[in-house]
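Note sheet for the following structure.
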Amino acid sequence: MKEFYAEFTKDELWMIEEPQWVKHLQNIRETQFTLGNGYLGTRGVLEEIPYEAMPGTYIGGIFDKIGSQVDELVNLPNPVNFKFTIAGEKLDLVAADSIKHKRILNMKKAVLVRHTVYKDTKKRCYDYQSLRFISQHNKNIGAMQIAVTAVDARCSIDINTGIDTSVANARILSEGRKRHFRIREIGQSHRAGYLAVETLEKKHIVVYWSGFYYQINHKKTFAKDNIFRLKLKKGQTVIFTKIFYIKHFPYKEDISSYKKESLKVFHKAFRNKFSNLLTEHILAWQRLWKKADISVEWTKNLQENLRFNIYHMLICAHYDNGSSSIGAKALSGEGYRGHIFWDTEIFLMPFYLFNFPQVAKNMLLYRYNRLGKSRKLAQSEGFKGAKFAWESADTGEEETPAWSKDFDGTVIKIHTHQQEQHITADVAYAIYRYYIVTGDEGFMVSYGYEMFFETARFWASRVEYNKRKRKYEIKHVIGPDEFHRDVNNNAYTNMMAKWNLVTAYKLFCNLKKKPIIYKKLKKKLYLKEKEAGSWKRIAAIIAINVNKKRIIEQFDGYFKLKKVALTRSDENGIPLIPQGLKPKSLGKTNLVKQADVVMLLYLLNDIFSLKTKIANYDFYMPRTVHKSSLSPSIHSLLGCDVGDLVRAYSLFKLSLHTDIDNIYNNTDEGIHVASLGGSWQAMIFGFAGIKIKREKMAVNPRLPGRWRKVKFSLIWQGKLITFELTNDIIKLKIHFRQRQEMEIGIFDRMMRLQMNKLYTFKRYIVGAKREKFY
């Protein structure tokens with residue numbers, strides 16, 4: 001049998017394969033095989049939509065609430081819907097027998113390829129092959145092609161396709177399934193199907209066009225209907241090609257202009273050759289991978305898994321002037337209802353910041369566009385400035401549900417929106433990081449300074465002065481470790497607030513050198529020098545508890561909690577919570593859910609000494625159960641810092657495999673974007689040794705022994721830098737159109753390097769006072 005799409009199954013080190021049909025993995029594969037382009041995401045469902053499939057079609061920023069506790073990402077009508085029936089038997093992996101099945105996600109070209117051979121009850125075989133993609137060239141276009149062959153007998157085949165409007169958002173607790181849209185218009189025009197839907201509360205208009213044709217013996221026929229019958233001779237193949245268009249628009253009573261506008265774009269794609277659409281898409285992906293790829297000379301498995309993580313970050317990269325951001329599950333599923341958390345700025349943004357700065361800027365513009373709501377949120381709780389929502393959707397209002405399931409399945413009341421306030425400092429951290437890496441003063445003038453000063457105002461009003469201790473305290477909070485709720489002086493929260501206040505004061509002082517901007521901002525924000533000066537004074541005496549062994553107490557009273565030893569781990573190396581210890585009791589123990597103090601030591605790397613890092617890493621590591629996918633990568637990063645490379649590498653692999661191996665048993669709900677971004681950071685900032693030291697880039701690799709070489713590129717202040725690293729040799733080139741010099745830390749020494757010149761530096765292993773370069 002001819003392999004119609006064989007050329008897409010030969011890109012070694014670029015493919016994730018489903019080698020056979022395993023029913024209980026169906027929803028996991030749908031997440032793993034998600035296709036997207038940042039604007040649009042579609043889960044990797046099988047075209048026949050088998051029983052218990054979870055089709056998902058999502059547009060970034062399209063949320064609705066009717067029928068649910070809070071706003072959730074809308075699951076829109078499914079265009080990937082193609083059903084075949086022969087003599088009453090559906091070609092379906094659940095309903096029918098198959099003698100062969102394989103799917104491959106080609107990450108290099110961002111196409112999903114399938115080959116299944118079905119056998120009916122009369123032992124007749126039917127060969128089924130398909131390829132589909134969501135265009136990276138035209139972000140409103142998707143395309144698919146299916147080849148069906150009657151292998152050993154003639155047959156009549158019934159076709160049923162079109163856009164499936166029966167989809168709904170998933171059940172959550174007692175809500176049941178919810179359909180967040182109604183059909184506005186539906187019909188046929190210009191050899192294609194047309195559909196317009198309207199979301200129930202927010203009134204977003206989403207327009208679809210879908211058309212298809214089929215070819216038998218190279219004769220092309222445009223289908224007149226979505227449901228019809230064809231006859232195939234023995235050995236004969238029919239190839240179906242389907243092109244679809246999806247775009248959202250603001251509400252209008254009369255949507256005829258939307259229909260006309262969208263038809264032009266769809267019709268241009270529909271008239272084009274499928275091969276041309278595919279080529280344009282592949283070329284766009286070549287440009288993405290040229291910037292984002294990391295090449296590791298070691299093993300096939302690691303390289304594929306690393307690219308899997310990068311691929312999923314690329315398919316949610318988008319720039320829309322801050323209309324949307326990237327949720328905790330991106331556009332691959334409905335976990336966390338599509339909400340945006342601190343994961344976005346702290347875990348995910350660094351990948352874009354160093355590869356696609358415009359996408360990082362978009363994330364921050366998303367926060368700026370919702371600054372008004374953040375101010376109102378702070379004000380409603382009796383504070384000044386801006387407090388960012390713990391869970392945000394389209395408006396920036398707080399969207400955390402009141403109830404949710406704990407990791408043991410019990411329903412619990414949620415307090416994170418009231419107490420997990422560190423997100424405000426996390427956003428400020430991301431703003432400053434963006435400023436340092438890009439040097440984008442224009443962004444700071446228009447958006448960044450205002451956000452930063454408003455976050456400082458929040459913390460200045462949030463702290464409480466303890467006269468007895470002569471310290472400012474932050475009480476009734478939850479840190480990143482969510483086992484411990486309603487605590488006082490969480491070290492991560494307090495230290496990030498302290499950093500936020502100090503850095504805001506520093507930025508305010510620097511602005512004085514730019515009098516026009518300084519006066520404009522002071523007037524806009526009613527900001528006076530006295531207020532800015534108070535930020536520095538408050539920061540100086542914010543409470544941080546450190547004992548004589550340099551160990552930072554996670555919060556007041558942590559050292560006195562019940563001590564629980566972790567003696568067992570699962571097959572992935574994740575510590576097992578001792579039997580009999582229920583989730584509601586964990587807050588009374590010293591067990592830590594995820595990186596908390598360790599997270600602090602990583603983010604504020606320059607502030608803490610190596611001795612302090614080692615003491616806290618050694619103390620908190622055996623107490624941490626990594627019940628969040630956010631945890632392993634951060635411990636890996638600090639492990640690199642303190643020289644524990646064996647454990648660092650083990651935790652890096654755990655993070656890297658989070659979704660490819662369904663480590664946390666919830667990949668079916670969507671990809672873990674924090675783990676994707678954390679793995680990338682562990683790779684680049686951990687093993688490759690890229691650091692920001694005193695606001696300058698530095699590189700000092702510490703690669704695992706089996707890695708022969710690592711190659712990648714980063715963007716620093718508008719300049720592309722290509723790296724080729726071993727543990728003892730650094731090769732780099734700074735690509736820039738102008739002749740300039742740039743200061744970079746090489747191993748342990750700052751050096752001034754010229755643009756467009758290839759440098760090679762070699763580390764002296766023994767008795768060397770400086771690095772050799774030539």
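Meeting the requirement of 1 or more residues that are of a type in the set (Asp, Glu), the strands (runs of 3 or more DSSP E) wholly within the range 651-733 are 719-725. Residues that are part of a strand (DSSP E or B) and over 27 Å from ASN662 (Cα atoms) within the range 533-590 comprise ILE542, VAL546, ILE552, LYS562, THR589, listed in sequence order.
Of everything in the range 737-774, what is modelled with pLDDT under 95, within 19 Å of GLN717 (Cα to Cα) and part of a loop (DSSP other than H, G, I, E, B)? Give them in sequence order. ARG737, GLN738, ARG739, GLN740, listed by residue number. Checked against the criterion of being modelled with pLDDT of 95 or more and within 25 Å of VAL70 (Cα to Cα), the range 427-440 contains one or more residues that satisfy it. Of the residues making up the range 111-131, at least one is buried (at least 19 other Cβ atoms within 10 Å of the Cβ), at pLDDT 95 or above and under 27 Å from TYR336 (Cβ atoms).
So is GLU304 under 12 Å from the mean Cα position of the chain (by Cα), of a type in the set (Asp, Glu) and assigned to a helix (DSSP H, G or I) or not? It is false that GLU304 is under 12 Å from the mean Cα position of the chain (by Cα), of a type in the set (Asp, Glu) and assigned to a helix (DSSP H, G or I). I want to confirm something. Restricting to the range 148-189 and keeping residues that are basic (Lys, Arg) and open to solvent by 70 Å² or more (accessible area, probe 1.4 Å), which single residue is farthest from HIS248 (Cα to Cα)? Result: ARG154. When the range 237-289 is filtered for residues that are assigned to a loop (DSSP other than H, G, I, E, B) and open to solvent by 20 Å² or more (accessible area, probe 1.4 Å), the ones remaining, listed by number, are PRO250, TYR251, LYS252, GLU253, ASP254, ASN272, LYS273. Give VAL359, VAL411 a once-over and let me know the one that is surrounded by fewer than 23 Cβ atoms within 10 Å (Cβ to Cβ), under 22 Å from the mean Cα position of the chain (by Cα) and either more than 23 Å from GLU531 (Cα to Cα) or of a type outside the set (D, E, K, R) (or both). One residue alone meets the criteria, VAL359.
Annotation: TYR311 fulfils all but one of (1) outside any helix (DSSP H, G or I); (2) among the aromatic types (Phe, Trp, Tyr); (3) at pLDDT 95 or above; the unmet one is (1).
One residue alone among ASN605, ASN547 is surrounded by fewer than 18 Cβ atoms within 10 Å (Cβ to Cβ), closer than 23 Å to MET495 by Cα and in contact with a strand residue (DSSP E or B) (Cβ under 9 Å, 6 or more places away or on another chain), and that residue is ASN605. Name the single residue, out of those in the range 597-637 being assigned to a loop (DSSP other than H, G, I, E, B) and within 24 Å of ASN662 (Cα to Cα), that is farthest from the chain's Cα centre (by Cα). Among them, the one singled out is VAL625.
Can you tell me which residue among LYS711, LYS693 is touching a residue at least 12 places away in the same chain (Cβ under 8 Å), under 22 Å from ASP293 (Cα atoms) and charged (D, E, K, R)? Being touching a residue at least 12 places away in the same chain (Cβ under 8 Å), under 22 Å from ASP293 (Cα atoms) and charged (D, E, K, R) holds for just one of LYS711, LYS693, which is LYS711. The condition (being touching a residue at least 60 places away in the same chain (Cβ under 8 Å) and over 34 Å from the mean Cα position of the chain (by Cα)) is satisfied by just one residue among GLY557, GLY573: GLY557. For the range 290-301, the candidate set comprises residues that are at pLDDT 95 or above and assigned to a helix (DSSP H, G or I); within that set, the residue that is least open to solvent (accessible area, probe 1.4 Å) is ALA292.
Restricting GLY677, GLY670 to those that are surrounded by 19 or more Cβ atoms within 10 Å (Cβ to Cβ), closer than 27 Å to ILE729 by Cα and either in contact (Cβ under 8 Å) with a residue 40 or more places away in the chain or small (Gly, Ala, Ser) (or both) reduces the list to GLY677. Checked across the range 217-233, the condition of being of a type in the set (Asp, Glu) and closer than 30 Å to GLU72 by Cα holds for no residue. Please go through the range 40-77 and pick out each residue that is crowded, with 23+ Cβ neighbours inside 10 Å and of a type in the set (Ser, Thr, Tyr). Result: THR42, THR57, TYR58. Take the conditions at pLDDT 95 or above, touching a helix residue (DSSP H, G or I) at 6+ places or on another chain (Cβ under 8 Å) and assigned to a loop (DSSP other than H, G, I, E, B) and apply them to SER332. Does it pass? Against the criterion (at pLDDT 95 or above, touching a helix residue (DSSP H, G or I) at 6+ places or on another chain (Cβ under 8 Å) and assigned to a loop (DSSP other than H, G, I, E, B)), SER332 qualifies. Filtering the range 133-147 to residues that are open to solvent by 10 Å² or more (accessible area, probe 1.4 Å) and closer than 17 Å to PHE82 by Cβ leaves only GLN145.
The values are calculated or read from the model by the stated rules, or taken from the named source; none is laboratory data. Values in this document were obtained by computation on a predicted structure and should not be read as measured data. Cβ: placed from backbone, ideal geometry, glycine included. Neighbour counts: every protein chain shown. What goes into the accessible areas is simple: the full protein's heavy atoms, side chains included, and nothing from ligands, DNA or RNA. Shrake-Rupley method; radii C 1.70, N 1.55, O 1.52, S 1.80 Å.
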